[in-house]
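A short worksheet on the structure shown next.
The values are calculated or read from the model by the stated rules, or taken from the named source; none is laboratory data. Remember, it's a predicted structure, so these values are computed and weren't measured experimentally. Virtual Cβ from ideal backbone geometry, glycine too; neighbours counted across all protein chains shown.
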Amino acid sequence: MFLKISHSWCLLAVTQLLTPFSGAATPVHEFDASSSSNVLSGSTLTQWTDIGPGHNYSGGLFKIDLNFASGITLTPGFSSPGTNFTASFQSTGANNSGVTPNGGPQCGSIGNGLTDGSVEIWFRTDLADTSRPSHQVLWESGAGTNGFTVALHTNGIFDAELRVLKAWSNVKIVDLIVPLPGFESSEFIQVVVTFDGDSAIDNNDTVKVYAKDVVGNTAFGESTGQEFSSLAGADDTCVFSACGTTNIGSFGASGGNPGNTVTLSGFKGEIALVRIYNTPILLSDIDLSYNAIADLGDDDNDGMTNFWEGVYGFDKDNPGDAFLDADLDGLNNLGEFNAGTDPYDSDSDNDTLIDGTEVTIGSNPLNGDSDGDGLGDAAEITANPYVTNPSLADTDGDGLDDSVELMIGTDPTDQNSIGTNLVITEFMASNGFSLDDEDGDSSDWIEILNPTGSAIDLSGMALTDDASQPQKWTFPAGVTLPVGEFLVVFASSKNRAVAGAELHTSFGLSSSGEYLALIDSDGSSILTEFAPTYPAQNSDVSFGFEGLYLPTPSPGAVNVGPGVSGFVSDTVFSVDRGYFDAPFTVDITTATPGATIVYTTDSTAPTLTNGTQSANSTASVLIDKTTVLRAAAFKTGLAQTNTDTHTYLFLDDVVTQSDNTNDYEYPNWNNLAVNRTADYGMDTNIVGGQFTLEEVKTSLASLPVISMSTDADFLFDRENGNYSNSKLGGQEWEREVSLEFFGFDHGISTQTNAGLRLAGNASRSENRHKHNMRVAFRRQYGAGTLEFPLFPSDDVTTFNSIQLRAGNGDSWVNPGTRERATYLRDQWHRDAQIAMGQHSQSQIFTHLYVNGWYWGVFHIFERIEDNFMEEHFGGVAEDYDVRDHVSAFDGSVDSWNDIVAIVGDPATMADAQNYADVQQSLDLVHLIDYLLIHFYSNSDDWDQNNFRAGFNRNDPSFTYEFFAWDQERTLLNSLAAGNVNGAIAIDKDTNNTSKKGMTHFHQQLRANPEYRLLFADRVHKWCFNDGVLTPVGTNALWDMRATEVRPAMLAESARWGDLHGTPAKTPADWESRVALEKSGWFDIRTPIFVSLLQDRDLYPQTVAPTFAINASAQYGGLAASGSALGMTAPTGTIYYTLDGSDPRQAVTGIAVGSVYSAPVTLTESVIVKARALENGEWSALSEAQYLVGTPAAAGDLVVS
């Protein structure tokens, strides 16, 4: 559908593009590809043109020498639909080290000394370009520490966006992002950035960004409350990021981007015009400039603009085409232009009324419900039983919309036909997702309508769910309901009755059925009642005053019909999902007599127009191959069942899953930007080649199964499939799927529906094919949660969302890491957290099937979000702040910013009060343990990226919980090439304007000696005496997870081992890499790690004491009564305690423990803690628990 530019703008006959439009602000300078005066020396040199009075420059303006600018070309002589441009400068977008245009430096920059100014840029580029992950510079003014930058960001995942950076004295004072939703890649875009400053130091300067493409899409953003001082310093002004002759392509240290906080690169695309103003030009000036350039003229005077005619292929020099009617809808082209309709579509709004008819009767041909009354235009002109005006919501002018009158049974064409009393038109007694209250709770609700001829004061009226208490909850004074309006009252038991605020009754509604009434202000007259009780209710199905269920709730609006009198009983399958090796028959039944069962075997959802129908409430289906069987039951007058799904897997089919893409509905997974061949098959070089079919089948049966089913269009359609459009995200790309869980050791299986999105960042790349995914269990799809014992080691069995992680950077599907793939690194970090006694997500490996096709081995774990925190830590989800490396995605950033403020205090963490304050939000033991895991693995794609944290802001005892997340680029697979001697993670300090990470907290905390010693204590606990981070501990965790997935790696090899080349990766390749990680990291990293920490004053040189029982080394455990506890240290004096206290006094450092001089006789269980003190330096803490007594034995047990 073409978006027409408003005709209220002036239509222009532009005689010379460069001439400023009459009445508009005059540019100081201009850089224009269409101007011959800008091209010198045989079309090899371009320069700025002075076209108005402006700033006084002590040097020449910037020039570009095209003879040396291999990255830029002048493209004259083209015709640009939508503009009067005839030329542009096109740049290939040089990177930091690439070639950019040579230019002569200038002594004074545009903006130097100015507090006001504007820059206008007309550019064209691919707004979905995935090859430019950094920000492309459209304009820079100033360099070093003072200036501003206008950049464009495209990544093919989210809407393109403009970003304006302004800095002064090496401090970024503006970072404004303006998205460009719907903007056209093929059209030129006008961007204007205005700076409105003043000479006063008042923090009241403003930057505004205006954007508009030639189709008419607009965007705006502003940032105020800043202090500009000056727009730029005395350095080069740049276009295409060409800054001077000796500083070409020096991005990041230029303009408004001090410290390289934003990654910048050269612009890739066309720039046709740049204008510089020495004032913050007004919106009216911007519109005048836009109108002078956008091709809104009408050369043939036929009433249609040149641009519109060009878009639809008409001749802008032929006035006769105004009278043609290409789509035969009774509306000629001029009429279509004026109406804004498509001249090749007879029904532009798809409401069954052709455009010509709608124009004739006065309805809107672009809106199926022209008057917004809830009745379609076609329905309004059809007796239903009344003919109403499709352009007038209230045909008879009685204050009631036509749809309201039809709902309550009055005549919408008779002004005197109205209701007499307030009425409860709809209520919800089992709310899941239809409407949330102000607290974010899905409270039940009651909808009241005023169908009378005047406003009604509800003061003193009442709602009740008990006939014996007619005034159980009364409306407060001051609540008035206008004519024809609805009022929603939440039946939440919260009892809130304040006029002008959200209303909540003192009672809730029972889903099993009860009395409900609206009582008049006299305390007894019943205005509406459901008596003696309303019937039992279903989740997210409302009940209407007509006595019918409403499957589509509509709180605050006209009831959506038709209503139904009840529900079809759920379908029952005679054979449960699972593995099979012989044909069988499944009987599908429903207990509702006369129902029709509809089933499908192609993974699509069954409907009355899709699938095989079977009458008499039963259907029989022969299953003789891998089949996804989906069924629902229908009966007129009743609400249909949900769709039940059972997947029947025949491993003989799975192992021979075809590699011929033409055997599938979608042989390609193309999207609007990229074409790619689909990948479904098992590798025949593995299956039946290197390995037998039986070996592969055994591998396929080695893990539990998650079977995902949905319409293939939802996944692989070029325009709408979320799998094919893997780089696109957000709610609009969530698709409904069925999920089945079976093959678990506990023998339980289940099925539920959920919303599927792709997840991650790099894993979305089109060359990965096996993408990360996440599913959300929402009430709009099914039960709203997954109730299932998913993780064998976890008592939590209620889940709101889970991640299906493909492995990406630690798998064979990533071309850059397939040689180092172990599928274990991220898992190891979570296991290490748990082994240290911290909280982390439980995790398992499963086999995933998609529409019955084997999709590989997936890593399953919970998504860290507010619901996760509620399930694992208590409280309610709304109390939690949950964040990643960018910001809080649940709750608020305030609690995090409080920590940032404390650790950033000039008094530093050496200040006792600051150190105490920060511990109100940070459990330092938990923080250090979390850091140690990542320091040990040398995680360099972390903290500035890839972490999750949660905090209960309403629980004073709660401190931040940190969770390992996406730690695949670690150990021997880190971004720094896996250097076992590396300390990149240890030295991290994530501290910039947009990100403050845990490493920054750590680096600030190091100023406090108590923190450094606590850090050393935790190092000693985990890096000595077979602790979690010793070779014994790390290898045990690694081996545990490898043992789990080992049998399945053959199936993964068959499915994805050949994705990026042959020979395919095999289990032997995996085993080799798993072993290398052990010998090349886990076996040798610990002493290196401790030494790196010692070098940074994070572990003392004084050696901690070791323990022995009866002269044999023993660090804790059982000890016989009378055993001798010995302690040794190579240097220093040993101080110890046996009651679990620290032998060193905090802060003062005074020794408070006993001096060790001889073995200690143990007669009872003890917790011994010891340190060595040498030359004023305390060692780390040695701690062990000895259980003294007779060990329990089977012969000693007595049943009492």
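Residues checked against (1) basic (Lys, Arg); (2) in the same structural domain as Asn800 (by TED's automatic domain parsing); (3) surrounded by fewer than 22 Cβ atoms within 10 Å (Cβ to Cβ); (4) without any contact (Cβ under 8 Å) to a residue 40 or more places away in the chain:
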site	(1), (2), (3), (4)
Glu695	no, yes, yes, no
Ser726	no, yes, no, no
Thr750	no, yes, yes, yes
Ala754	no, yes, no, yes
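To keep it simple, each residue is scored yes or no on (1) touching a residue at least 40 places away in the same chain (Cβ under 8 Å); (2) under 20 Å from the mean Cα position of the chain (by Cα); (3) closer than 22 Å to Asp159 by Cβ.
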{"site": "Glu740", "(1), (2), (3)": "yes, no, no"}
{"site": "Ala759", "(1), (2), (3)": "yes, yes, yes"}
{"site": "Glu766", "(1), (2), (3)": "yes, yes, yes"}
{"site": "Phe777", "(1), (2), (3)": "no, yes, no"}
{"site": "Leu790", "(1), (2), (3)": "yes, no, no"}
{"site": "Phe799", "(1), (2), (3)": "yes, yes, no"}
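When we screen Asp466, Asp540, Asp520 for residues that are touching a residue at least 24 places away in the same chain (Cβ under 8 Å), surrounded by fewer than 16 Cβ atoms within 10 Å (Cβ to Cβ), of a type in the set (D, E, K, R) and out of contact with any Asp or Glu (no Cβ under 7 Å at 6 or more places or on another chain), the only hit is Asp466.
Residue count for region 1094-1140 under the criterion of being small (Gly, Ala, Ser), outside any strand (DSSP E or B) and loosely packed, with under 13 Cβ neighbours inside 10 Å: the result is 5. Considering only residues that are within 19 Å of Thr528 (Cα to Cα) and assigned to a loop (DSSP other than H, G, I, E, B), which ones fall in region 401-439? Across region 401-439, the qualifying residues are Gly409, Thr410, Ile418, Gly419, Thr420, Asn421, Leu422, Ala429.
Let's see how each residue does on (1) more than 26 Å from the chain's Cα centre (by Cα); (2) under 21 Å from Thr817 (Cβ atoms); (3) outside any loop (DSSP other than H, G, I, E, B):
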residue	(1), (2), (3)
Phe962	no, no, yes
Glu968	no, yes, no
Leu972	yes, yes, yes
Leu975	no, yes, no
Val980	yes, yes, no
Ala983	yes, no, no
His1000	no, no, yes
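For region 1076-1090, a residue qualifies if it is in a helix (DSSP H, G or I), of a type outside the set (Asp, Glu) and surrounded by 13 or more Cβ atoms within 10 Å (Cβ to Cβ), and the qualifying residues are Leu1076, Lys1078, Gly1080, Trp1081, Phe1082, Arg1085, Thr1086, Ile1088, Phe1089, Val1090.
Restricting attention to region 470-504, the residues that are in a loop (DSSP other than H, G, I, E, B), within 36 Å of the chain's Cα centre (by Cα) and at negative phi add up to 4.
Across region 562-571, the qualifying residues are those that are touching a residue at least 60 places away in the same chain (Cβ under 8 Å) and either surrounded by fewer than 18 Cβ atoms within 10 Å (Cβ to Cβ) or in a strand (DSSP E or B) (or both), and the one among them that is nearest to the chain's Cα centre (by Cα) is Asp570.
When Lys995 is tested against (1) within 23 Å of the chain's Cα centre (by Cα); (2) modelled with pLDDT of 95 or more; (3) not aromatic (Phe, Trp, Tyr), exactly one condition is not met: (2). Where strands (runs of 3 or more DSSP E) sit wholly within region 609-686, those with at least 1 residues that are in contact with a Phe, Trp or Tyr (Cβ under 8 Å, 6 or more places away or on another chain) and among the aromatic types (Phe, Trp, Tyr) occupy 644-650.
Residues that are surrounded by fewer than 12 Cβ atoms within 10 Å (Cβ to Cβ) and touching a residue at least 12 places away in the same chain (Cβ under 8 Å) were ranked within region 578-598; the one that is nearest to Val568 (Cα to Cα) is Pro593. Checked against the criterion of being modelled with pLDDT under 75, in the same structural domain as Gln136 (by TED's automatic domain parsing), within 29 Å of the chain's Cα centre (by Cα) and under 24 Å from Gly117 (Cβ atoms), the candidates Lys212, Lys172, Lys166 yield just one match: Lys172. Under 41 Å from the mean Cα position of the chain (by Cα) and either surrounded by 17 or more Cβ atoms within 10 Å (Cβ to Cβ) or farther than 30 Å from Leu481 by Cα (or both): does that describe Ala326? Taking the combined requirement at face value, the residue does not satisfy it. Of all residues in region 1041-1060, exactly one satisfies the criterion of being among the small types (Gly, Ala, Ser) and outside any helix (DSSP H, G or I), namely Gly1057. Among the numbered conditions (1) outside any loop (DSSP other than H, G, I, E, B); (2) among the aliphatic types (A, V, I, L, M); (3) surrounded by fewer than 22 Cβ atoms within 10 Å (Cβ to Cβ), the only one that Leu739 does not meet is (3). Looking at this structure, is Val705 surrounded by 15 or more Cβ atoms within 10 Å (Cβ to Cβ), touching a residue at least 60 places away in the same chain (Cβ under 8 Å), in contact with a Gly (Cβ under 7 Å, 6 or more places away or on another chain) and under 29 Å from Asp587 (Cβ atoms)? So Val705 fits the description; yes. Restricting Ala901, Ala832, Ala916 to residues that are part of a helix (DSSP H, G or I), at pLDDT 95 or above and in the same structural domain as Asp943 (by TED's automatic domain parsing) narrows the list to Ala916.
Any residue at all in region 1107-1115 that's closer than 22 Å to Arg1012 by Cβ and β-branched (Val, Ile, Thr)? No - not one qualifying residue is present in region 1107-1115.
All of Ala1146, Ala1158, Ala1113 fail the test of being of a type in the set (A, V, I, L, M) and in contact (Cβ under 8 Å) with a residue 40 or more places away in the chain, apart from Ala1146. Only one of the listed residues (Gln827, Gln838) is closer than 16 Å to Trp965 by Cβ and either among the acidic types (Asp, Glu) or surrounded by 21 or more Cβ atoms within 10 Å (Cβ to Cβ) (or both). That residue is Gln827.
Does Ser1165 satisfy the criteria of being in contact with a strand residue (DSSP E or B) (Cβ under 8 Å, 6 or more places away or on another chain), surrounded by 18 or more Cβ atoms within 10 Å (Cβ to Cβ) and either among the hydroxyl-bearing types (Ser, Thr, Tyr) or modelled with pLDDT of 95 or more (or both)? When the stated conditions are applied, Ser1165 does not pass them.
Conditions tested, residue by residue: (1) free of Cβ contacts under 8 Å to residues at least 40 places away in the same chain; (2) out of contact with any Phe, Trp or Tyr (no Cβ under 9 Å at 6 or more places or on another chain); (3) closer than 30 Å to Ala877 by Cβ.
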site	(1), (2), (3)
Gly376	yes, yes, no
Asn389	yes, yes, no
Asp398	no, yes, no
Leu422	no, yes, no
Leu435	no, no, yes
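Considering region 109-139, and only residues there that are aliphatic (A, V, I, L, M) and modelled with pLDDT under 75, the residue that is surrounded by the fewest Cβ atoms within 10 Å (Cβ to Cβ) turns out to be Leu114. Scanning region 891-906 for residues that are surrounded by fewer than 19 Cβ atoms within 10 Å (Cβ to Cβ), free of Cβ contacts under 8 Å to residues at least 40 places away in the same chain and farther than 11 Å from Lys996 by Cβ yields Asp898, Asp905, Pro906.
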